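Worksheet: the structure to be examined is printed underneath.
The values are calculated or read from the model by the stated rules, or taken from the named source; none is laboratory data. Treat the numbers as computed from the prediction; the structure is a model and nothing was measured. In this analysis, Cβ positions are derived from the backbone assuming ideal geometry, glycine residues included, and neighbour counts consider all displayed protein chains. The accessibility values were calculated without ligands, DNA or RNA, using every heavy atom of the protein model including side chains. Shrake-Rupley method; radii C 1.70, N 1.55, O 1.52, S 1.80 Å.
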Amino acid sequence: MAKEITVQIPVLGMTCAACAARIEKKLPQLEGIIDISVNFGAEKAQVRYDADKVKLKDIIAKIIETGYNVPMEKTELKIQGMTCAACSARIERGLTKMDGILEANVNLALEKANVTYVPGLVSAAEIKKKVEELGYRVLDSDKKEKGDKEQEARQKEIRHQRNRFLISALLSLPLLSMMFIEWFGLHGVAPHFLMDPIFQLILATPVQFGVGSYFYIDAFKALKGGSANMSVLVALGTSAAYFYSVAATFFPEAIGSNHVYYESAAVIITLVILGKLLEALAKGRTSEAIKKLMGLQPKTARVVRAGQELDLPIEDVVVGDVIIVKPGERIPVDGIVISGTSSVDESMLTGESLPVDKKEGSEVIGATINKHGSFKFKATKVGRETALAQIIRIVEEAQGSKAPIQRMADVISAYFVPFVVGIAVVTFLVRYFFVDPGNIVNALLPSISVLVIACPCALGLATPTSIMVGTGKGAENGILIKGGEHLENAHKINTVVLDKTGTITKGEPEVTDIEAVGMTKEQLLKLAATAEKNSEHPLAQAIVNYARKQGIPLGQGQDFQAIPGKGVMVNIDGKKVLLGNRKLMQDNGIDISPLLAKAEQLEDEGKTAMLMAVNGEAKGAIAVADTVKESSRDAIQELIKMGIEVIMITGDNKKTAQAIAKQVGITKVLAEVLPENKAQEVDKLKKTGKVVAMVGDGINDAPALATADVGIAIGTGTDIAMEAGDITLISGDLHGIVAAIKLSRATMTNIKQNLFWALFYNTLGIPVAALGLLSPMIAGGAMAFSSVSVVSNALRLKRWKYR
């Protein structure tokens, strides 16, 4: 029977009835669409569909593909009460069944749900209500800072777990001592009341139904929602031991034994709670990167308004405000220096250890530290638009995402608890009827051990904890990884395609060589800079800037004439000066033979040679080139040593491209490639089976970045295009590429270790328990510490260093 659902989808962008008809024509192309009616006036599409054949997100994607918009929003929920992967999977299933939910991603380690939904079909309040109906608590949002709120919630959880553990441990200790008394035959020296079953019952009951009530409540909610989680296993295992002991206490003749196991039930609960306490402490450390980033933001700013200096809350700063920063202070928001000079420590955002000099016109980034001088700057980005706010958002989204490798763990977790309960039942039946017929104790204890040793928590935490630490570590090193998928893909990269301009090179032409004939280099440079000072050409600006840096004063020129594609002509102090390419010289009958060999040499090196003639005579040549970044060669050679093929792609001519490639040690060059064709070249490489990373500035290279398996956007300062790539390098240093790949490899190794441990532990532990080789208490302790070991292993990534 078809599972029919009818929804009213808001559709924006329809301009006439023909638009509605177009949607009505296109949507039935999807299998599962039963009926479609589009109301142009109401801007809504009523769709009846078979949910078993088509998903709502596919319907919306089809509407968008047709050329119209469907409003979508995202909400993030902080959820308390999840104990294992089965809980997060249950919430995901519950949310995705709601009309209007396009995607729900629940992260057990972060205790968060990121939900994408259509506002016209479902509201954020309804989403929150659904989570609460499933048996979990959603942390309310208020005016408190997000970081403070989450820290407070974490501390509250730790206090709660600690108090539960202390109460449980206090009551369980006497019961545990009884076990040792029996083991070592100390009945004669032990107080008699310790061996009294009624006394043991009095101690065990508060642990079972007071401290342990959480497991019953959570198990009930899980079963009610159609799933099973860790609490089901703990509740079943401890209840079996507790109620068997009650029966042995009051009806020993009926069951043929008066031996009780109150200590097993109580100690299992105590150890599980201890494990949860240690897990909560460890999970708090996995999100330290976000806390550090949030802690970088200053609380106030010294703003100049109406001629007065005012200390204002950071929230009150607006674009255009003039802000004063003194030595040792953090810069409050992003902006441009308007007066003063200083050096700024940007290491907390870019990973660069050396301070960066700032002067009038320089960009400054909020949250960085002013080292020495005082300066004023004008705010250009505030609030959510600052570089720091964008970095925090990207890291948060990445930490809440799932890596493809986690899908295996999610699939296993979905069937894990029912499977374990089945194994426990089979263990009891086999041992009771075949191994030791009629001996209920020898059948019951191994069954309890099977229930309490199985740990779905370790599986659920194996991937997200490593992703959290890995992406946080990346942010500390100026590497912003957009999500778990990209972090996983980066470790497979075997080919890196580097754009030349602005990636391998600085992206700014500079004077590299000066050749003078019949005059000094300083005289030649003064004439050239004077001739070019009225030109807006990038090569002209490079000459003017170089002259100013050398302290050479510029003269005055008359009759300035820019000749497109050739150069400039100008009179300076009565001298006719020509500056440009060979074509300009030829057109004016200039003999350039004295300069020809030098010009050709410079051009072979990938430089642009600009020739100068004064009063009809060749007087020199100035070479201008987009110079290679200092770190490029070293980083590229490191990539090659890692077994990665490095390819340079550029729109420049082959001669220039080969010259740059030779400088940095690249052997394969794709030259004369137009920006719009770069994506095609990347796609060709992918089709040969290569896993390709494209590295570019994120603006001109956007199509190629999107086409690559991993797009890496590289830039500097506040203008970095953070949305352009899958990975964004805040610093322009190419070592960031090496670091990103090495971090990805380290993180994936860590995830595989976690998954191996979780699977190995359960694969080995369950059979050992079924064979009766583990007592329930040892099994419970092993279960409690398995998840702690996974989180602790993930925390080892915090020690990762690029070099």
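Residues in the range 627-648 that are in contact with a helix residue (DSSP H, G or I) (Cβ under 6 Å, 6 or more places away or on another chain) and outside any helix (DSSP H, G or I): 4 in all. Evaluated against (1) open to solvent by 60 Å² or more (accessible area, probe 1.4 Å); (2) modelled with pLDDT of 95 or more, Lys655 falls short on exactly one condition, (2). All conditions but one from (1) buried (at least 24 other Cβ atoms within 10 Å of the Cβ); (2) in a strand (DSSP E or B); (3) touching a Phe, Trp or Tyr at 6+ places or on another chain (Cβ under 7 Å); (4) not acidic (Asp, Glu) apply to Leu102; the one that does not is (1). Return a yes/no flag: does the range 237-245 have any residue that is hydrophobic (A, V, I, L, M, F, W, C), over 18 Å from Ala454 (Cα atoms) and buried (at least 24 other Cβ atoms within 10 Å of the Cβ). Scanning the range 237-245 turns up no residue that is hydrophobic (A, V, I, L, M, F, W, C), over 18 Å from Ala454 (Cα atoms) and buried (at least 24 other Cβ atoms within 10 Å of the Cβ).
Does Glu279 satisfy the condition of being acidic (Asp, Glu), closer than 21 Å to Leu444 by Cβ and buried (at least 17 other Cβ atoms within 10 Å of the Cβ)? Spelling it out, it is not the case that Glu279 is acidic (Asp, Glu), closer than 21 Å to Leu444 by Cβ and buried (at least 17 other Cβ atoms within 10 Å of the Cβ). Report, by residue number, each residue of the range 594-610 that is under 13 Å from Thr512 (Cβ atoms), open to solvent by less than 60 Å² (accessible area, probe 1.4 Å) and part of a helix (DSSP H, G or I). Of everything in the range 594-610, those that are under 13 Å from Thr512 (Cβ atoms), open to solvent by less than 60 Å² (accessible area, probe 1.4 Å) and part of a helix (DSSP H, G or I) turn out to be Lys598, Leu602, Glu603.
Listed by first and then second residue, the pairs with beta-carbon distance under 8 Å, at least 6 apart or on different chains, first residue in the range 114-131 and farther than 24 Å from Val47 by Cα, second among the aliphatic types (A, V, I, L, M) and assigned to a helix (DSSP H, G or I), are Val131/Ile91; Val131/Leu95.
Among the residues that make up the range 198-208, is at least one of them of a type outside the set (A, V, I, L, M, F, W, C) and not in a helix (DSSP H, G or I)? Looking through the range 198-208, none of the residues is of a type outside the set (A, V, I, L, M, F, W, C) and not in a helix (DSSP H, G or I).
Would you confirm, using the coordinates I've provided, whether Glu263 is farther than 30 Å from Ile394 by Cβ and either open to solvent by 20 Å² or more (accessible area, probe 1.4 Å) or modelled with pLDDT of 85 or more (or both)? So Glu263 passes the test. A residue that is assigned to a helix (DSSP H, G or I) and either among the acidic types (Asp, Glu) or within 15 Å of Asp99 (Cβ to Cβ) (or both) occurs nowhere in the range 25-42. Residue count for the range 6-21, restricted to those that are open to solvent by 30 Å² or more (accessible area, probe 1.4 Å), at pLDDT 85 or above and not polar (S, T, N, Q): 1.
Filtering the range 320-344 to residues that are touching an Asp or Glu at 6+ places or on another chain (Cβ under 9 Å) and either open to solvent by less than 40 Å² (accessible area, probe 1.4 Å) or within 19 Å of Ala389 (Cα to Cα) (or both) leaves Ile324, Val333, Asp334, Gly335, Ile336, Val337, Gly340, Ser342, Ser343, Val344.
With respect to the conditions (1) under 29 Å from the mean Cα position of the chain (by Cα); (2) closer than 25 Å to Asn477 by Cα; (3) loosely packed, with under 15 Cβ neighbours inside 10 Å, Ala367 lacks only one, and its number is (3).
A quick yes/no check of all residues on (1) surrounded by 20 or more Cβ atoms within 10 Å (Cβ to Cβ); (2) among the hydroxyl-bearing types (Ser, Thr, Tyr):
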position	(1), (2)
Thr495	yes, yes
Thr503	yes, yes
Lys506	no, no
Leu524	yes, no
Asn534	no, no
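For the range 750-784, name all the residues that are under 22 Å from Tyr415 (Cβ atoms) and of a type in the set (Val, Ile, Thr). Within the range 750-784, Ile751, Thr763, Ile766, Val768 meet the criteria. Pairing residues of the range 251-267 that are in contact (Cβ under 8 Å) with a residue 12 or more places away in the chain with residues that are open to solvent by less than 20 Å² (accessible area, probe 1.4 Å) and outside any helix (DSSP H, G or I), at Cβ distances under 9 Å and at least 6 apart in sequence or on separate chains, gives Ala265/Gly212; Ala266/Gly212. Taken over the range 296-316, the criterion of being open to solvent by 40 Å² or more (accessible area, probe 1.4 Å) and more than 23 Å from Glu346 (Cβ to Cβ) is satisfied by Val304, Arg305, Ala306, Gly307, Gln308, Glu309, Leu310, Asp311, Pro313, Glu315, Asp316. Counted as qualifying within the range 337-383 are the strands (runs of 3 or more DSSP E) with 1 or more residues that are touching a strand residue (DSSP E or B) at 6+ places or on another chain (Cβ under 6 Å) and within 11 Å of Val325 (Cα to Cα), namely 342-345, 375-381. Take the residues of the range 540-553 that are crowded, with 19+ Cβ neighbours inside 10 Å and either within 40 Å of the chain's Cα centre (by Cα) or modelled with pLDDT under 90 (or both): which is farthest from Gly507 (Cα to Cα)? This residue is Ala540.
Close Cβ contacts (under 6 Å, 6 or more residues apart or on different chains) running from residues in the range 615-631 that are farther than 10 Å from Thr512 by Cβ to residues that are of a type in the set (Lys, Arg) and open to solvent by 10 Å² or more (accessible area, probe 1.4 Å) comprise Asn615/Lys575; Asn615/Lys576; Ala621/Lys598; Lys629/Lys506. Criterion applied to Val450, Val441, Val426, Val417 was being open to solvent by less than 60 Å² (accessible area, probe 1.4 Å) and closer than 13 Å to Ala770 by Cα, and the one residue passing it is Val450.
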